[in-house]
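What follows is one structure encoded as structure tokens, with my remarks underneath.
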Amino acid sequence: SEKSEVLTEDLLTIEKRVDIVKQVCQNISKKLSSGLQAQGDTVEKRLKKLPETSLAHCLNEASALLGTGTESLLGQICQLCGEAQNNLAREQLQYEINIEKDVLGPLQSIFDVDLPAILKARKHLTKTTLDMDSAKGRHTTAVRQSQLPGTNIANASAKVDQIKEELEEAESKVEYVKDSLAIEMSNFIAKETEHSQKLLALVEAQAAYHEKALQAIQAVIPKMQRSIENNPTKPVFGNCLEEHLRVTGRDIAVVLEACVVTLLYTGMNEEGLFRIAGAASKLKKLKACFDANIVDMEEFRHDPHTVAGTLKQYLRELPEPLLTYHLYVEFMQAATLSKEKIVPALKPIIEKLPPPNYNNFRYLIKFLEKLCKSSDQNKMTPTNIAIVIAPNLLWSDGENAPNMLTTGSLSTIIEAVVSNAEYFFPGGSYMFIFYF
Amino acid sequence: MSMRDVKLCLLGDSGVGKSSLVMRFVTDSFKPALESTIGASFMTKTVEVDGNTYKFQIWDTAGQEKYRALAPMYYRGAAAAIIAYDVTRESSFKSVKSWVQELRHQGHPNIVLAIAGNKCDLEDLREVRLKDAEDYAKQIDALFCETSALTAVNVADIFTKICKKLPSEDFSSSRVGSTVNLRKKRDVKKEKKCCGGSPS
């Protein structure tokens, strides 16, 4: 017998639509979950899956090795960077948890609840349609038999009636199930808004993740900057004097004080101190040691020329000369004055030096004054010492090599200051003054 | 009669009166508003104790240096160190303990330690009890005096005491200068407190 179409045309259209939506949801769900990195049973296990966590782990180990106090900037930075990576990992995990809860979970309920209901209704419809068709068949047969000659009309028509009743029942059942299927499928289609909401939730979760991740990183940036900025173990050569004093919490530059103290112990009677060059490799070594902030001056105890050379080099490598660019012109003008006028002219200029420069210049001059007092042994008179030291104390902006034209004026200035140290820097500062 | 050179270094917080103590000892004078020491200053003074002559070479260090990076240069070769605090400032007494620790670790094992509680003329403002400081000094085997650079009380005495305590053999000249290390750790662990009193 002929079979009825299970679905009417409109239901077929809806079913096609359901199929497409189902396919779309499946694809999204698959891609989304395969993109999640932190999978596992516990939070710890999930965090471990993230690359940020393993980077953080490595950074924390590094900071433990290096130390996180003033002894290692890198150690401090590793610690901060490790914290940032851990925070990033936590944000990533939170993001993935949110995606699972707000996007993947609801999508999954389509496959767990909505689609099975449709499928069930669909199966039910097929079955009831089959039942209806068989009732139809039986009815046709019964009608045909009732029309055969010699049939008990009454019996036959009773049977036809009974089967007809069954057929009607089956037909109304099909109708009923068809309606239920239509309802299920229409409801499913109507959920497109809900599905769309899931995608909005996804993008919102991404936005929240990026925002929090950005916050986590941005919180650490100023901390890292501050650590680097205030690092007392910054290289000292070529670093700005004020900056060096600030980060080390000092008044006198570390190179200046260490060299001066060493020379006071061992170099005051050395002939040609500051004039005779030390061995270049030793000087480089001492300089590198200062930059690394680990210096054993003991090694240079018997090498005063290297120590003096390093001191000169330090002054020469300051980004701005100790006597400043700002006062260059004034100093040079004073240098043109006669011997009697130069000393009083220099005093107000020197007093204009910024405090860090003033303190360090005074310290150096007090030391040089003392050095000159032993000039019968070391041969370094104020004139001699000025010639070798002056080019390291003042140069003009943009001048890279000692300028032969200004060397004479510079020496005149420094000679005047060293010879009259007590006039320029009287009283209170009584460094290196010996009482007997 | 022999003369013995004694290298000595003064340590302690900024403003406790290290330079004033040295001024009082060396020139027997006092300036009320001495400007703070920049870098370090060096002075010598010769004294006679029990018929022996001692020539002190005194390094007076700057107290405000944050990392004490160059302090070892001054105390490493020293035969004696005076660690000064201000009896009117509890925090300066705490610093004494950290200096003692540093000297125990980095200084010469035979260095003679003396603790000076300066400004003892300011009794009204006292924050550090005499007995606490005395007990602490005894515990670490250091000489101790409360001093006043203003009134000169005990200033010469502390140097005399140091002369008497110097070991007979001179070790001080063996090493001058030293490591400059800005990287060393600065966290000073608290000294374990003695429970006090002898077991009955």
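Bear in mind these aren't lab numbers, they're just calculated from the coordinates by the rules spelled out. Being a predicted model, the structure only gives us computed values, none of them experimental. Note: ideal-geometry Cβ built from the backbone for every residue, glycine included; neighbour counts use all protein chains shown.
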Coarse-grained scattering of the range A:241-424 at q = 0.11, 0.12, 0.14, 0.19 Å⁻¹, given as base-10 log I(q)/I(0) from a Debye sum over alpha-carbon atoms: -0.45, -0.54, -0.75, -1.41
Would you mind calculating the gained length between residue A:210 and residue A:9 on full extension (0.36 nm times residue separation, minus the Cα-Cα distance), in nm to one decimal? 67.6 nm
Take every Cα pair under 8 Å in the range A:241-424 that's 6+ residues apart, average their separations, divide by the length, and report that relative contact order as a whole percent. 28 percent
For a protection proxy built on the mean count of beta-carbon atoms within 10 angstrom, sort A:13-21, A:237-245, A:386-394, A:307-315 highest first, please. A:307-315, A:386-394, A:237-245, A:13-21
What does the extension gain come out to for residue A:404 and residue A:157, with contour length at 0.36 nm per residue minus their alpha carbon separation? 75.2 nm
Efficiency of FRET between residue A:333 and residue A:375 - r from beta-carbon atoms, R0 35 angstrom, step 0.05: 0.75
Here are some pairs, A:234/A:282; A:366/B:18; A:366/B:165; B:31/B:97; which of them have Cα atoms lying more than 30 Å apart in this structure? A:366/B:165
As straight-line cross-link partners of residue A:31, the qualifying lysines (C-alpha separation under 18 Å, not fewer than 8 residues apart within one chain) are A:22, A:101, A:198
Net charge near residue B:46 (other residues with Cβ under 13 Å of its Cβ; Lys, Arg +1; Asp, Glu -1) is +1
Between residue A:34 and residue A:316, 0.36 nm times their residue separation minus their Cα-Cα distance comes to what? 95.4 nm
Using +1 at the C-beta of Lys and Arg and -1 at the C-beta of Asp and Glu, which of B:23, B:40, B:147 has the Cα lying farthest in the positive direction of the dipole of the range B:3-165? B:40
With r as the distance between the Cβ atoms of residue B:35 and residue B:129 and R0 = 35 Å, compute the FRET efficiency 1/(1 + (r/R0)^6) and round to 0.05. 0.70
How compact and how long is the range B:3-165, expressed as Rg and Dmax of its alpha-carbon atoms in Å? 14.3, 42
Kirkwood Rh over alpha-carbon pairs of the range B:1-97, then Stokes-Einstein at 37 °C and 0.692 mPa s: what D in µm² s⁻¹, rounded to an integer? 233 µm²/s
Any chance you could give the angle, 0 to 90 degrees and rounded to 10, that helix A:9-35 forms with the longest Cα principal axis of chain A? 30 degrees
Antiparallel versus total DSSP beta bridges in the protein assembly as shown: what percent is that, nearest 5? 35 percent
Give, rounded to the nearest 20 debye, the magnitude of the charge dipole that chain A has about its Cα centre when Lys and Arg contribute +1 at Cβ and Asp and Glu contribute -1 at Cβ. 920 debye
If I fit a long axis through the Cα atoms of helix A:73-99 and take the longest principal axis of the Cα atoms of chain A, what angle between them do I get, 0 to 90°, rounded to 10? 10 degrees
Reference-scaled alpha-carbon Rg (2.2 N^0.38 Å with N residues) for chain A: 2.12
With Cβ to Cβ distances under 14 Å as the rule, what net charge do the other residues near residue A:281 carry (K, R +1; D, E -1)? +2
Quote the convex hull volume per residue of the range A:16-111, based on C-alpha atoms, as a whole number of Å³. 84 Å³
Relative to the longest principal axis of chain A, what angle (0 to 90°, nearest 10) does the C-alpha long axis of helix A:192-229 take? 10 degrees
When the convex hull of the Cα atoms of the range A:9-229 is projected onto a plane and the area is averaged over all directions, what value comes out in nm²? 16.8 nm²
